[in-house]
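Undergrad: Next up is a structure, given as structure tokens.
The values are calculated or read from the model by the stated rules, or taken from the named source; none is laboratory data. Source: prediction; values computed, not measured. Neighbour counts run over all protein chains shown; Cβ positions are idealised from the backbone, glycine included. These area figures cover heavy atoms from the full protein model, side chains too; ligands, DNA and RNA do not enter into them. Shrake-Rupley method; radii C 1.70, N 1.55, O 1.52, S 1.80 Å.
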Protein chains: 4
Amino acid sequence: DLPLVLIAGPCQIESRDHALECAEALKAMAAAAGIGLIYKSSFDKANRTSLAGRRGIGLDKALPIFAEIRGRLGLPVLTDIHTEEQVHAVAGAVDVIQIPAFLCRQTDLLIAAGRSGAVVNVKKGQFLAPWDMVNVAAKIESTGNSRILLTERGASFGYNTLVTDMRALPIMAATGWPVIMDATHAVQAPGGQGGASGGDRRFAPVLARAAVAVGVAGLFIETHPDPDQAPSDGPNMIPLAAMPALIEQVKALDAIAKRHPLSIA
Amino acid sequence: DLPLVLIAGPCQIESRDHALECAEALKAMAAAAGIGLIYKSSFDKANRTSLAGRRGIGLDKALPIFAEIRGRLGLPVLTDIHTEEQVHAVAGAVDVIQIPAFLCRQTDLLIAAGRSGAVVNVKKGQFLAPWDMVNVAAKIESTGNSRILLTERGASFGYNTLVTDMRALPIMAATGWPVIMDATHAVQAPGGQGGASGGDRRFAPVLARAAVAVGVAGLFIETHPDPDQAPSDGPNMIPLAAMPALIEQVKALDAIAKRHPLSIA
Amino acid sequence: DLPLVLIAGPCQIESRDHALECAEALKAMAAAAGIGLIYKSSFDKANRTSLAGRRGIGLDKALPIFAEIRGRLGLPVLTDIHTEEQVHAVAGAVDVIQIPAFLCRQTDLLIAAGRSGAVVNVKKGQFLAPWDMVNVAAKIESTGNSRILLTERGASFGYNTLVTDMRALPIMAATGWPVIMDATHAVQAPGGQGGASGGDRRFAPVLARAAVAVGVAGLFIETHPDPDQAPSDGPNMIPLAAMPALIEQVKALDAIAKRHPLSIA
Amino acid sequence: DLPLVLIAGPCQIESRDHALECAEALKAMAAAAGIGLIYKSSFDKANRTSLAGRRGIGLDKALPIFAEIRGRLGLPVLTDIHTEEQVHAVAGAVDVIQIPAFLCRQTDLLIAAGRSGAVVNVKKGQFLAPWDMVNVAAKIESTGNSRILLTERGASFGYNTLVTDMRALPIMAATGWPVIMDATHAVQAPGGQGGASGGDRRFAPVLARAAVAVGVAGLFIETHPDPDQAPSDGPNMIPLAAMPALIEQVKALDAIAKRHPLSIA
């Protein structure tokens, strides 16, 4: 049981400068805490609640920024894709390809991601039981790719609300693949602001602490220098300035969790 | 308030002969009952629970079959698509393009479907509140397409279970777009058989009768000569032989519902 | 399959005059439509969301009013009880004793109600699956009482929200006991107004029509001359003036439903 | 922020010897770990899924056992009650009176418990949002009693399933009252075995660890020397022999959680 890895970054790439500012700050925080870091950012938000939501800078502008973060800062990079074409375009340019939750059952997309050779991180659909992720992973495994991550990000609970079932973490871990807790998307209120998703960032540390104490391979957190000004997911992102305290807490909890591994086998 | 239209057919095209047999039988039933019919069938099941599930005959083999059903039988045809490329490929070949529930938030797919000029039927995601469908429809409307259908097919309710909230029907109707009840997918037990979705076809008439009594523009029913032998969705499809009795019941209920239109405005 | 019976009345007895005014109006409506009527009213709201909610006139003042409604108007009366002592007190004074949803698993209360000799109507708990009501009914049956009604009134669906699963109606009917649809409590938003439950009466006809089309023995509707002034459940009660139109609709739907009985056996 | 307190014991009192055996074992474990202990046991299971479920030894036989555990072992005792009469009967005989989840909205019961002078622990109903517990506590506070505990034990999530929303813990804590996590009832599958509730004890440590890492005043755990032979709640009780390891884990997590208190204020 390896120590906790942090997957973090702003929801979307807003500009080269913004991306590098976030990446540098996170790199310093992770180094200070002595934990691993994967930088996360999206080039296209393809499923915004409404047309009015800003979608991002696009793939062409994102690729050189990914390269700079990998090259100059030495950070592995994760991004999410929505079509097979995007898989091919980002395959060599990032370390981890992420399948969005809504798309976690799209067979061709999973297989394309599997064939890319990148690590594949699949978000569990809000409509999926944790034990059904074994079928999702099997689609990727069928390509010979054995670097798969499974991410919890909340399940539908009535309307405009998600709930995180902590039992999902050991259930997914029983597949043998590392499990990640996405603590910021799990506090979304999907569609909860009419034309946009709401959320409540005060609860992200609640879910992060809980999941780490159960035992996870990694923690996924969206963070931003000024979340209330962010073009997407602002209500649930954590301010960059709050990250060091959260990292300290989860690092301490992780040490205990890894000393006493929980298993449901 | 126009009389109820039936959208029906087997889940997937199994062969030319099978498709025509189903289409002819349904055409005769609809004619006998004096109700409108749109023939539904899929050429590719792109999001099966597991890799082992059969996906269908593919688009190339499906196109001549769609043409024959439209040409020889004179039935309008509906099929579902999963990528923008498929939208372009089926645009002239079918009357209604259907957006699957898992994909109902994918902006580019909705816009491509809108631009095709076909009628666009969007299934409400299992993770979506009915009032959020107004944003989905707006993405299609932004293309100038004003032939949109919104379909209820159940909402996530705990694990491996869907529930149909009948309040969703007038809520979606308040958008102004015709609302369809998909009574067979709504009785699915998603992933409920481990490597496949289960379901319980005994409840499809329950949901069909309820929805028609509330008031809907159309009823979507998957049906098959021998559902237990079907390659997909067998547990929830209704046997073809049971359709005439169900059509008779919903036709009678529809007459009353349309005489007393319900509105929440 | 007998024709639909209506169980109706204001949520709580506000005064003798108010109760008689409602009862007379409902009696005239039921007579005009030719359907059976049971008058419903509560003497004590024992589980209000907050202490500030008005609880009702109490048992002592209610008993003569029940007697007058039974004697002078000739209507059978239903009321709900919360303790074994109340069962004994109302046993001879009403025709139907109702077990509230929150209390549907309290064994001693069910047995006391069973022993009273009255008809016992049990509301299904918001936390209970429909197939579990067979165990609830068995507790009453164990007393030798074979006059049992089972009522659907919605299931918990996330926070402050109920959803009515129409499949629950035939599932409960498979026990052999008559099934009632409570269309007004099912549109409650429990606790949805902070210190009181909210609701949306616009959806009560939606659920009433849906349930009757599926097939139920009776329809339970709370109604009031001026719901917005009612001391409890105002947001979901239907105005008395709207009852005749609703009765007409459900009577027509019931005739079709009873001609085509649905069974899941 | 005081250290974690353990509330533990077998679901029901099976006999004097059994109760004392459990109490002595737990006392030794708590002493070894240096944490506080309240002994929990029920004298009557008043809401079993079915009549066939064993209800317990009854109040008369329980009172001397409670006295012996308090007197000889010096442990505070918690038990649950279902009627106002039971409140009066146990008032002087136990330290904590517990209101069962199904009864958490019964005003008279809450007030009687408040007036008893005992500490009152209210389980949050499976049908209640965490923010609605403030109204429940206010009913008890109205009696002048200011020793109130609020307990999370899972929320309805579809049929026969509970889910624990860890956000409920800080939401309830914002009332100012200490919050307890009931980690064994929260893994129940209500009614999940037909005539009895199922459950899965493997997940109790998952929820216990998660809740303690978020921060709770106490942890409620039902435990038994041989859970598979227990007359109630066997599937979710933890074997006594597994308690020391769990106590060690939660104690370590609690130390970190209390050093970094989470607040949503």
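Undergrad: Partner chain Cβ atoms within 10 Å, averaged over the residues of C:128-140 - can you pull that number for me?
TA: 5
Undergrad: Give a residue-ordered list of calculated ³J(HN,Hα) values for the stretch A:208-225 (Karplus: 6.51 cos²θ - 1.76 cosθ + 1.60, θ = phi - 60°; whole Hz; x for Gly, Pro).
TA: 5, 4, 4, 5, 5, 5, 5, x, 9, 6, x, 10, 10, 9, 8, 9, 7, x
Undergrad: Can I ask one more? So for the pair residue C:73, residue B:17, with labels modelled 7 Å out along Cα→Cβ, what separation do we get in nm?
TA: Taking the two extended label points, one gets 6.8 nm.
Undergrad: If contacts are Cα pairs under 8 angstrom and at least 6 residues apart, what is the relative contact order of chain B in percent? Don't skip to the end; give the middle numbers.
TA: Working: 551 pairs, mean separation 50.0, N = 265.
Relative CO of chain B lands at 19 percent.
Undergrad: Give me the residues in the stretch A:209-223 whose solvent-accessible area, probe 1.4 Å, is reduced by at least 40 Å² once all protein chains are included instead of the chain isolated.
TA: Residues passing the criterion (a loss of at least 40 Å², heavy atoms only) are A:209, A:213.
Undergrad: Additional query: For chain C, what is the accessible area per residue in Å², given a 1.4 Å probe and the full set of protein chains? If you can, show how the numbers build up before the last one.
TA: Values: 8300 Å² over 265 residues.
Accessible surface, normalised per residue, equals 31 Å².
Undergrad: Restricting attention to the stretch C:21-83, which trypsin sites (Lys or Arg not before Pro) occupy a DSSP loop and are surrounded by at most 13 other Cβ atoms within 10 Å?
TA: Working: sites: C:27, C:40, C:45, C:48, C:54, C:55, C:61, C:70, C:72; in loops: C:45, C:48, C:54, C:55, C:72.
Listed in order of number, the matching sites are C:54, C:72.
Undergrad: May I ask you to list the aspartates and glutamates whose Cα is less than 18 Å away from that of residue C:61, ignoring any residue fewer than eight positions away on the same chain?
TA: Result set, ordered by chain and number: C:14, C:17, C:21, C:44, C:80, C:85, C:95.
Undergrad: Let me ask something else about it. Let's see if you can work this out: charge +1 on each Lys and Arg Cβ, -1 on each Asp and Glu Cβ, no other charges. What is the dipole magnitude of the protein assembly as shown about its Cα centre, in debye to the nearest 20?
TA: Numbers: 96 positive and 100 negative charges, 0 e Å.
That gives a dipole near 0 debye.
Undergrad: At residue A:52 and residue A:245, where each label point lies 7 Å from the Cα along Cα→Cβ, what is the point-to-point distance in nanometres?
TA: 3.4
Undergrad: Now for a different question. Once the label point is set 7 Å along the Cα-to-beta-carbon vector, what list of distances in nm do you get between residue D:58 and its counterparts in the other copies?
TA: Label-point separations across copies, in nm and ascending: 3.3, 7.6, 8.2.
Undergrad: Moving on. Under 1.5 on a/c is rounded, so check that first for the stretch A:147-265, then, if it is not, pick prolate when a/b is larger than b/c and oblate when it is not; a ≥ b ≥ c are the square roots of the alpha carbon gyration tensor eigenvalues. Don't skip to the end; give the middle numbers.
TA: On the way: a/c = 2.34, a/b = 1.42, b/c = 1.65.
Because a/c hits 1.5 or more and a/b fails to exceed b/c, the stretch A:147-265 counts as oblate.
Undergrad: Let me ask you something else. To the nearest 0.05, what FRET efficiency results for residue D:228 and residue D:60 with a Förster distance of 25 Å applied to their C-beta separation?
TA: Numbers: r = 29 Å, r/R0 = 1.15.
The pair residue D:228/residue D:60 has a calculated efficiency of 0.30.
Undergrad: Moving on to the next point. Quick query: amide H of residue A:11 versus all other amide H atoms, modeled in the peptide plane; which residues come in under 5 Å with a sequence gap of 5 or more or a different chain?
TA: A:223
Undergrad: Check residue C:36: other-chain or 5+ apart residues with amide H under 5 Å from its amide H, H built from backbone geometry?
TA: Here C:6 satisfy the definition.
Undergrad: Of all alpha-carbon pairs in the stretch C:124-184, indicate the percentage at a distance above 19 angstrom.
TA: Details: 510 of 1830 pairs.
When all Cα pairs of the stretch C:124-184 are counted, 28 percent exceed 19 Å.
Undergrad: Please find, among residues of chain B, the one with the beta carbon closest to the rotation axis relating it to chain A, distance in whole Å.
TA: B:156, 2
Undergrad: For the pair A and B, how large is the buried accessible area, both sides, in square angstrom to the nearest 100, if the probe is 1.4 Å? If you can, show how the numbers build up before the last one.
TA: Working: alone 11440 and 11440 Å², together 19720 Å².
Summing both chains' loss of accessible area gives about 3200 Å².
Undergrad: Quick one: Karplus J couplings for the stretch C:105-122, per residue in order, coefficients 6.51, -1.76, 1.60, θ = phi - 60°, nearest Hz, x for Gly and Pro?
TA: So the Karplus estimates, Gly and Pro as x, are 10, 7, 4, 5, 5, 4, 5, 4, 5, x, 6, 5, x, 6, 5, 10, 9, 9 Hz.
Undergrad: Please give the residues from the stretch A:159-179 for which the solvent-accessible area of heavy atoms, probe 1.4 Å, is smaller by at least 40 Å² with all protein chains in place than with the chain isolated.
TA: At a threshold of 40 Å² (probe 1.4 Å), the residues of the stretch A:159-179 that become less exposed are A:159, A:160, A:163, A:165, A:166, A:167.
Undergrad: Residues with amide H under 5 Å of residue C:119's amide H, sequence separation 5 or more or different chain, H placed in the peptide plane at 1.01 Å from N; which?
TA: Under 5 Å from the amide H of residue C:119: C:97.
Undergrad: Quick one: 3J(HN,Hα) in Hz for the stretch D:153-166, Karplus 6.51/-1.76/1.60 with θ = phi - 60°, rounded, Gly and Pro as x.
TA: Going residue by residue, I get 9, x, 10, 4, 9, x, 8, 6, 9, 10, 10, 9, 8, 5 Hz, with x marking Gly and Pro.
Undergrad: What are the label-to-label distances in nm, one decimal and shortest first, from residue D:228 to the same spot in the other copies, with labels 7 Å along Cα to Cβ?
TA: Computed spacing set for this position: 3.6, 5.8, 6.3 nm.
Undergrad: Further question on the same structure: What is the spin-label model distance, in nm, from residue B:174 to residue D:95 if the labels are put 7 Å beyond Cα along the C-beta direction?
TA: About 5.3 nm separates the two model spin labels.
Undergrad: Calculate, in whole percent, how much of the Cα-Cα pair population of chain B lies beyond 27 Å. Present the calculation step by step, with values, prior to reporting the outcome.
TA: On the way: 10885 of 34980 pairs.
Result for the distance tail: 31 percent.
Undergrad: Using a Cα-Cα cut-off of under 17 Å, which lysines could be cross-linked to residue C:124, ignoring same-chain neighbours fewer than 8 residues away?
TA: C:139
Undergrad: Further question: Please work out the FRET efficiency for the pair residue B:138 and residue A:27, using the Cβ-Cβ distance as r and a Förster radius of 35 Å; give the result to the nearest 0.05. If you can, show how the numbers build up before the last one.
TA: Details: r = 40 Å, r/R0 = 1.15.
E between residue B:138 and residue A:27, to the nearest 0.05, is 0.30.
Undergrad: At 1.4 Å probe size, with the rest of the protein present, what percent of the exposed accessible area of the stretch B:78-230 is carbon and sulfur atoms? Let's see the in-between values first.
TA: Details: 1800 of 3740 Å².
Carbon with sulfur: 48 percent of the solvent-accessible area.
Undergrad: Could you give the length gained on full extension between residue C:131 and residue C:255, defined as 0.36 nm per residue of separation minus the Cα-Cα distance, in nm? Present the calculation step by step, with values, prior to reporting the outcome.
TA: Values: separation 124, 0.36 × 124 = 44.64 nm, distance 2.68 nm.
Result: 42.0 nm gained on full extension.
Undergrad: Taking only DSSP H segments of four or more residues, each worth -39500 (n - 2.57), what value at 222 nm results for chain C once the sum is divided by all its residues, to the nearest 500 deg cm²/dmol?
TA: On the way: 8 runs with 90 residues, N = 265.
Mean residue ellipticity, 222 nm, calculated: -10500 deg cm²/dmol.
Undergrad: Shortest first and in nm with one decimal, please list how far the residue D:20 label point sits from its counterparts in the other copies (point 7 Å along Cα→Cβ).
TA: In nanometres, ordered from closest: 6.6, 7.7, 8.7.
Undergrad: What percentage of all Cα-Cα pairs in the protein assembly as shown are separated by more than 58 Å?
TA: Values: 68303 of 561270 pairs.
For the protein assembly as shown, the fraction of Cα-Cα distances above 58 Å is 12 percent.
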